[in-house]
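Notes follow once the structure below has been shown.
The values are calculated or read from the model by the stated rules, or taken from the named source; none is laboratory data. Since this is a predicted model, take the numbers as computed values, not measurements. So basically every Cβ, Gly included, is an ideal-geometry build from the backbone, and we count neighbours across all protein chains shown.
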Amino acid sequence: MSDISSSSPARLAALDQFRGYTMVGMLLVNFLGSYEVCPRILKHSHDYCSYADTIMPQFLFAAGFAMQLSLGRRLQQGGQMPWARAIRRILSLAAIAIVWYSFCDLSAIVQKFRTEDTTVVLGTLFKRNLFQTLLHIAITSLWILPVIGASSRVRMGYAAFSGMLHVVLSGWFNFQWVNSNPMGIDGGPLGFLTWSIPAICGTLACDLVRSKGASAARSLIGPGIGLMFIAWCWSCGSTLYNVPAELVNEQKAVKLAEDPVLPSPERIQRWSGSSMEPPFVPPPNAEHRKWNYWMMSQRGGTISYTTFSAGFSLVVFALFLWACDSYKWQTGIFRTLGTNSLAAYLLHDVASWWISPWFPKSSGPFMVTFGFLCFSGFVYGVCWMMERRGWLIRV
């Protein structure tokens, strides 16, 4: 079969399995990441791309795929873009995100307004509290909506334009702003510019799956690896920010480079010619390499990070497509969490409120593992009961 339709549920199973895997990955890193025994690769980092940092881009990839699947099919059948319906759904997700993230930390937010400067509190809200996964998905979806019905070339050009705009704005003010107190996360309010890269890659993957079916897996692997290689080459610019041995003690207290986006001529001249670490290998600390825009940083939403993660998402999705469509492989937990991903996302916050306090951050491996099983078991169990009753939370 070479088309995605209601008569080919296996085609959609690959997306659900991919989403379910991403959700399990989120549960893993969000619970374990705050514990001392957790290895760095499972923690969110700010100066390289860890495994934990590959999870959020996969949500954007899946969102782009789903948008193209629903809206692109209608356009291919000769219909018109349902602008009102699409915008209404996106704004509904944005409203859920704002209400939910405000509710999750309501008491702390109210207390901050009472005790701290209003400007600082608003900065925290926009750089940390509100602009998390759900709101980023909503705003990124709105940003790419005008090109959903366009050709693949137009969408790729739009992704490149968005990325370059982010580089320009980061050089102007954004990178410094996101990395100043209060520290931002996930790129801050302008993160949608580079989050559009994995989202648009999701739309392109949908096109390939629609036209080629299961054989699209092979067609996705090459571009995915290519994107990762290009992004890694961009990240090699980080080596320009290596601190000479004689200056390490002088700049020890300074984490961020003075010229984080466009390196100064002096910096270029004293470049040692050192090579970049392979993907997923931690870089030197800030004493030996100053933070800069070219490193893979989820906090900064840097173009090297989102491009690398977009390529990684393509490869991971290709593996699920190959397994699900060629061998009819599926896992129940991935299906349950993938088909009701919004419910699972909201439930993971609830599980954190109830379960995490029982396990101190200094807990040993056994207790942390037990805590994770309780944490993930709660989320899966509730989603499993909702699945049996046909309850799905969608916007």
Go through (1) more than 19 Å from residue 101 (Cα to Cα); (2) within 14 Å of the chain's Cα centre (by Cα) for residue 136 and report which single condition fails. (1)
Of the conditions (1) exposed (fewer than 14 other Cβ atoms within 10 Å of the Cβ); (2) in contact with a Pro (Cβ under 9 Å, 6 or more places away or on another chain), residue 170 satisfies every one except a single condition; which number is it? (1)
Confirm whether residue 184 is part of a loop (DSSP other than H, G, I, E, B) and under 22 Å from residue 299 (Cα atoms). yes
Which condition breaks for residue 145 when tested against (1) in contact (Cβ under 8 Å) with a residue 60 or more places away in the chain; (2) out of contact with any helix residue (DSSP H, G or I) (no Cβ under 7 Å at 6 or more places or on another chain); (3) among the aliphatic types (A, V, I, L, M)? (2)
Per the filter on the stretch 100-112, residues surrounded by 13 or more Cβ atoms within 10 Å (Cβ to Cβ) and assigned to a helix (DSSP H, G or I) are 100, 101, 102, 104, 109, 112
Note on the stretch 36-57: residues assigned to a helix (DSSP H, G or I), over 18 Å from residue 155 (Cα atoms) and not β-branched (Val, Ile, Thr) are 40, 42, 52, 53, 56
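Kindly indicate the residue of the stretch 128-180 that is of a type in the set (Ser, Thr, Tyr) and in a helix (DSSP H, G or I) and also farthest from residue 261 (Cα to Cα) among those meeting that condition.
To start, the set of residues in the stretch 128-180 that are of a type in the set (Ser, Thr, Tyr) comprises 133, 140-141, 151-152, 158, 162, 170, 180.
Going one step further and asking which of them are in a helix (DSSP H, G or I), we end up with 133, 140-141, 152, 158, 162, 170.
Working: 133: 25, 140: 23, 141: 27, 152: 29, 158: 22, 162: 16, 170: 7 Å.
For the stretch 128-180, the residue satisfying everything is 152.
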Among the residues of the stretch 365-388, is any within 24 Å of residue 35 (Cβ to Cβ), surrounded by fewer than 17 Cβ atoms within 10 Å (Cβ to Cβ) and touching a residue at least 40 places away in the same chain (Cβ under 8 Å)? yes
Residues of the stretch 348-359 being surrounded by 13 or more Cβ atoms within 10 Å (Cβ to Cβ) and either over 15 Å from residue 378 (Cα atoms) or among the aromatic types (Phe, Trp, Tyr) (or both), in sequence order, are 359
Right, residue 150: modelled with pLDDT under 95, hydrophobic (A, V, I, L, M, F, W, C), more than 26 Å from residue 346 (Cβ to Cβ) and surrounded by 16 or more Cβ atoms within 10 Å (Cβ to Cβ) or not? no
Helices (runs of 4 or more DSSP H) completely within the stretch 258-356 that count 1 or more residues being within 25 Å of residue 189 (Cα to Cα) and polar (S, T, N, Q): 303-321, 341-355
The stretch 229-268: number of residues that are under 24 Å from residue 183 (Cβ atoms) and among the hydrophobic types (A, V, I, L, M, F, W, C): 11
Of the residues 193, 145, which single one is surrounded by fewer than 21 Cβ atoms within 10 Å (Cβ to Cβ) and either touching an Asp or Glu at 6+ places or on another chain (Cβ under 6 Å) or among the hydrophobic types (A, V, I, L, M, F, W, C) (or both)? 145
Where a residue in the stretch 103-132 is more than 20 Å from residue 191 (Cα to Cα) and its partner, wherever it lies, is surrounded by 12 or more Cβ atoms within 10 Å (Cβ to Cβ), with Cβ under 6 Å and at least six apart: 104/349; 105/129; 112/121; 113/121
Selection status of residue 68, out of contact with any Cys (no Cβ under 8 Å at 6 or more places or on another chain), under 21 Å from residue 158 (Cα atoms) and either crowded, with 16+ Cβ neighbours inside 10 Å or modelled with pLDDT of 90 or more (or both): no
